[in-house]
Amino acid sequence: MTLPIRLSKDSREPIYHQIEKQIKALIAGGHIEAHTPLPSIRALSKALEVSVITTRRAYQDLEQQGFIQTIQGKGTFVSNISATEKQEVKVAEVHETILQAVEAARRYDYTFSEIEAIFQKVLASLKNNEEA
Amino acid sequence: MNAIAKISHLEKIIDYFEIGPIDLTIEPGTITALIGNNGSGKSTFLKMLMNLAKPYRGNIQLFGKWVNGPDESWKQRVAYLPQKQIGFEPFKGETLKEMISGLYPNWDESLFQKIIADFKVPLHKKYNALSPGLQQKLNLALTIPRNTELMILDEPTNFMDIPSKSLLQDILAEWMEHGDRALLFASHQAEDIQKLADYLVLLKDGVQKGVYLKEDLLENYQTYWFGHALTDTHEIPGILTQEGNQLISDCPPETEKALEAKQIKWHSRSALPLEDIIALLLS
């Protein structure tokens, strides 16, 4: 199986961390189910054009946090994640995405209340669209 | 885990050209790309690994054995594809296979057949009747199934078309899945390096510029764009090149710190493509 992971090589976020986060999001979002086999470290490294050292680090972290499980001689599989854990990942991801948007606005020197106004505007327009 | 290859202070002098000193360790499970400009000593270095050329100074150990010692049993554990095969011309592919497969105890016949089928190599034709691309495909089919712990390929994708190159990348990645093998390959192909290499060894005119983990190279070279041309940059560290409103840094954390201290804001920041980084390091 292949994974829809997209790395940003421009980002300050280390690559292994980007891999980790995106796999977690795929698991938490229910896009890859428990017991699904993941690509081997070499196969994923080739697909993402990174070294096996980086991919291995991401897999090791994910394993430590209980998201995946490596079975000797068989491969790496998605673990059974509780609903609470999935929820935590989702909350963290949304939080992180909003934080990045706010940081972008701060780089344009917007004040906090101006950012809040933009945010309200975005929400209102989304709401309008959904109701229509 | 024990290193597959240990190369220390390796030097060679050919006429007035000096190669080295080269220091390199190859661990099982890793792919190392050897990169350099033409005539940088890559092939000579690989020949020294195979004890086909004598170093002037330094040591090479493969599987814990000195390669220049009397015991050459390590050769069975290494598959080496030189840039030019000597002596293959009068033979058919099927004859070459019979000759070579017998020398390697781990010869994988089904892998050989798969590579021959994937690359559509006619085995009944004499080697010298094949096009350079087909010759190279046959060479690879005669090398990869030896299933040795170390494989050394000197410019494996020479003369190959784009679909074959990508097929070879798949074959090599799959080859790495079995056991604790290591691959060392010399290449000018950015695509092969990007897809396969864990480590990059750069040789510039015989001198080893360094051994780099691929991501470290990508993280250490960044381009910045500014709203206006930069004028006073002489106090900013890490600047590799600067032209108008664009600068390239080879030490982004220090460059950024200095820019922030001077209150110079960049509007975009982007990693340099691997090919550009290699070009910078080799020019």
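Report every pair of residues separated by at least 6 positions or lying on different chains whose Cβ atoms are under 9 Å apart, first residue within region B:184-198 and at the interface with chain A (Cβ under 9 Å from one of its Cβ atoms) and in a helix (DSSP H, G or I), second surrounded by fewer than 23 Cβ atoms within 10 Å (Cβ to Cβ) and of a type in the set (S, T, Y).
Short answer, once both residue conditions are applied: B:K195/B:S166; B:L196/B:S187.
Does region A:50-70 hold any residues that are under 26 Å from B:D170 (Cβ atoms) and either under 18 Å from the mean Cα position of the chain (by Cα) or modelled with pLDDT under 95 (or both), and which are they?
Of region A:50-70, the ones under 26 Å from B:D170 (Cβ atoms) are A:50-60, A:62, A:68, A:70.
Those that are under 26 Å from B:D170 (Cβ atoms) and either under 18 Å from the mean Cα position of the chain (by Cα) or modelled with pLDDT under 95 (or both): A:V50, A:T54, A:T55, A:R56, A:R57, A:A58, A:Y59, A:Q60, A:L62, A:I68, A:T70.
As an exercise: evaluate B:T233 against (1) more than 14 Å from chain A (Cβ to nearest Cβ); (2) within 30 Å of B:N2 (Cβ to Cβ) and give the number of the one condition it does not meet.
Going through (1) more than 14 Å from chain A (Cβ to nearest Cβ); (2) within 30 Å of B:N2 (Cβ to Cβ) one by one, B:T233 breaks only (2).
Could you list all residues from region B:7-23 that are among the hydrophobic types (A, V, I, L, M, F, W, C) and closer than 22 Å to B:G64 by Cα?
Applying the first criterion (among the hydrophobic types (A, V, I, L, M, F, W, C)) to region B:7-23 yields B:7, B:10, B:13-14, B:17, B:19, B:22.
Of everything in region B:7-23, those that are among the hydrophobic types (A, V, I, L, M, F, W, C) and closer than 22 Å to B:G64 by Cα turn out to be B:I7, B:L10, B:I22.
Could you tell me which of the residues A:A43, A:A25 is within 14 Å of chain B (Cβ to nearest Cβ), assigned to a helix (DSSP H, G or I) and not β-branched (V, I, T)? Outline the logic, then answer.
Numbers: A:A25 fails: within 14 Å of chain B (Cβ to nearest Cβ).
Unique residue meeting the criteria: A:A43.
If you go through region B:202-212 one residue at a time, do you hit one that is of a type in the set (S, T, Y), in contact with a strand residue (DSSP E or B) (Cβ under 7 Å, 6 or more places away or on another chain) and surrounded by fewer than 14 Cβ atoms within 10 Å (Cβ to Cβ)?
Within region B:202-212, the subset of a type in the set (S, T, Y) is B:212.
Still in the list and also in contact with a strand residue (DSSP E or B) (Cβ under 7 Å, 6 or more places away or on another chain): B:212.
If we keep only those that are surrounded by fewer than 14 Cβ atoms within 10 Å (Cβ to Cβ) as well, we get none.
Looking through region B:202-212, none of the residues is of a type in the set (S, T, Y), in contact with a strand residue (DSSP E or B) (Cβ under 7 Å, 6 or more places away or on another chain) and surrounded by fewer than 14 Cβ atoms within 10 Å (Cβ to Cβ).
Is region A:67-74 home to any residue that is of a type outside the set (V, I, T) and either within 15 Å of A:K21 (Cβ to Cβ) or in a helix (DSSP H, G or I) (or both)? Write out each step before concluding.
Residues of region A:67-74 of a type outside the set (V, I, T): A:67, A:69, A:72-74.
Checking the rest, the ones that are also either within 15 Å of A:K21 (Cβ to Cβ) or in a helix (DSSP H, G or I) (or both) come to A:67.
Yes: one or more hits.
Residue-wise test of (1) over 17 Å from A:G75 (Cα atoms); (2) of a type in the set (S, T, Y); (3) not in a helix (DSSP H, G or I).
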{"site": "A:E13", "(1), (2), (3)": "yes, no, yes"}
{"site": "A:I19", "(1), (2), (3)": "yes, no, no"}
{"site": "A:H31", "(1), (2), (3)": "yes, no, yes"}
{"site": "A:V50", "(1), (2), (3)": "yes, no, yes"}
{"site": "A:A58", "(1), (2), (3)": "no, no, no"}
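I'd like the full set of residues that are closer than 18 Å to B:I26 by Cβ and either of a type in the set (F, W, Y) or in contact (Cβ under 8 Å) with a residue 60 or more places away in the chain (or both), limited to region B:61-88.
B:L62, B:F63, B:G64, B:W66, B:W74, B:Q76, B:R77, B:V78, B:A79, B:Y80, B:L81
Can you go through B:M151, B:M160, B:M176 and tell me which one is surrounded by 20 or more Cβ atoms within 10 Å (Cβ to Cβ) and at pLDDT below 95?
On the way: B:M151 fails: at pLDDT below 95; B:M176 fails: at pLDDT below 95.
Just one listed residue meets the conditions, B:M160.
Please work out which residue is farthest from A:K9 (Cα to Cα), limiting yourself to region B:243-269 and to residues that are touching a strand residue (DSSP E or B) at 6+ places or on another chain (Cβ under 8 Å) and loosely packed, with under 13 Cβ neighbours inside 10 Å.
Selected residue: B:K265.
Within region A:46-83, take every residue that is within 14 Å of A:P14 (Cβ to Cβ) and of a type in the set (S, T, Y) and give me the one that is farthest from the other protein chains (Cβ to nearest Cβ).
In this case the residue turns out to be A:T55.
Condition check ((1) out of contact with any Gly (no Cβ under 8 Å at 6 or more places or on another chain); (2) buried (at least 20 other Cβ atoms within 10 Å of the Cβ); (3) within 28 Å of B:T223 (Cα to Cα)) across all residues:
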| residue | (1), (2), (3) |
| --- | --- |
| A:K9 | yes, no, yes |
| A:G29 | yes, no, no |
| A:L44 | yes, yes, yes |
| A:E49 | yes, no, yes |
| A:A58 | yes, yes, yes |
| A:K74 | yes, no, no |
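The values are calculated or read from the model by the stated rules, or taken from the named source; none is laboratory data. Not measured: the values here are computed from a predicted model. Quick reminder, even Gly has a Cβ in these numbers, built from the backbone with ideal geometry, and neighbours come from all protein chains shown.
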